[in-house]
Amino acid sequence: MNDNQPALGQQSTAGACFAFLAFLIWGLSPIYWKALHHVGAFEVILHRILWSFAFLMPLVLIGRQWTEFKKAIKNPKMLSTLLITSILVGGNWLIYIWAVNNGRVLQASLGYYINPLVNIVLGMVFLRERLRRAQAVAVALATLGVLNLTFRYGVFPWVSLALAFSFGVYGLVRKVAAVGALVGLTVETLLLTVPAGIWVFHLHQIQSGKFLHSGLKTDLLLLGTGILTATPLLLFNLGARRISLATLGFIQYTAPTGMLLLGITKFGEPFTEIQAVTFGLIWTALAIYSWDTVRVHRKRTAKR
């Protein structure tokens, strides 16, 4: 048993590093998307779909997941499920990139802070999961935060809620599809590749698209969207296998924290007292949620 402990410890450390790098890339990604601000969000999404598939397909082959990929595309039920998730993830990408390039990085950050709490609500509504007391308090505080921003700031945070709920529902539906993350995302991008390719070709024909018309830098940035999509996903998968769900839950806040800091410091978005109260309520809710997750995880571990 002692002989295995160093190996396990090394795996946990490596897993935490992989997961941290994944969420760090997601947290710093607004810098990349801002560099494409002169390209419409919809066109960026079209290229993200195309080049993601082009980058992911070789990874499926290298990772020897071709058999799983073939099974997925030959299963009508699986395909219909992944078609739904592809629309959800495509919508999430579109809203996020639009938000970043329209000065709403803070709202995007708030959306991903809210996401774990939205998952609790979706589990209660669709999976009939019972809320623990701490979870109920956390959801109530998050709701107060959203209401504070809506009524005191006078702006309904639709970007935050759309990002949180689209990604939450995406995760919920993906639970039904018994397919790995890499294969699942590859099939999702495949399903969107044909319409995306047709649209990009149309934009090129009418000389309305930016690709091949706005210089080498823009072309390379659009091509790189595939790498930016796949790299953190792979790091996330490598990390998630090696660390506990509770640890992963803590590390996931790296992404919205990175977005928040970028929004305030680099992009100069205003951070008012009203927003501070909302974020304070969300952070308090997440602290309660995280404490409850660790507590339950320790209890379950002790019973084994």
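Some notes on this structure:
- The distance linking the stretch 16-55 with the stretch 58-96 is 18 Å (Cα centroid to Cα centroid, whole angstrom).
- Here the stretch 11-157 is described by how far its Cα atoms reach on the three principal axes: 51, 44, 38 Å, from widest to narrowest.
- At least 15 Å along the helix axis (C-alpha) and Kyte average at least 0.0, DSSP helices within the chain: 4-34, 41-62, 76-100, 105-126, 133-152, 158-174, 181-205, 216-240, 273-303
- Residues Met259, Met78, Met124, sorted so that the one with the fewest Cβ neighbours within 10 Å comes first: Met124, Met78, Met259
- Among the trypsin sites (Lys or Arg not before Pro) found in the stretch 74-152, those both in a DSSP coil and sparsely packed, with 15 or fewer other Cβ atoms within 10 Å of their Cβ, are Arg128, Arg130, Arg132.
- Farthest toward the positive end of the dipole of the stretch 166-304, out of Ser244, His202, Leu216, is the Cα of Ser244, where the dipole comes from beta carbon charges about the Cα centre.
- Residue pairs, from the table Lys71/Lys175; Lys34/Lys175; Lys175/Lys266; Lys70/Lys175, whose Cα atoms sit over 26 Å apart: Lys34/Lys175; Lys175/Lys266
- C-alpha center-to-center spacing [the stretch 247-284, the stretch 152-200] in angstrom: 22
- Calculated P(r) of the chain - Cα pairs past 26 Å, %: 50
- Of Leu163, Leu221, Leu56, the one that fluctuates the most in a GNM where the chain has Cα springs shorter than 10 Å: Leu221
- Long-range Cα-Cα pairs in the stretch 198-304 (distance over 17 Å), rounded percent: 73
- The magnitude of the dipole of the chain, with charges of +1 and -1 set on the Cβ of Lys/Arg and Asp/Glu and taken from the Cα centre, is near 1060 debye.
- In plain terms, the residue of Lys303, Lys217 with the fewest other Cβ atoms within 10 Å comes first and the most crowded comes last, giving Lys303, Lys217.
Bear in mind these aren't lab numbers, they're just calculated from the coordinates by the rules spelled out. These numbers were taken from a predicted model, which means no experiment stands behind them. Here the Cβ is made from the backbone with ideal geometry for all residues, glycine too, and neighbour counts use every protein chain on show.
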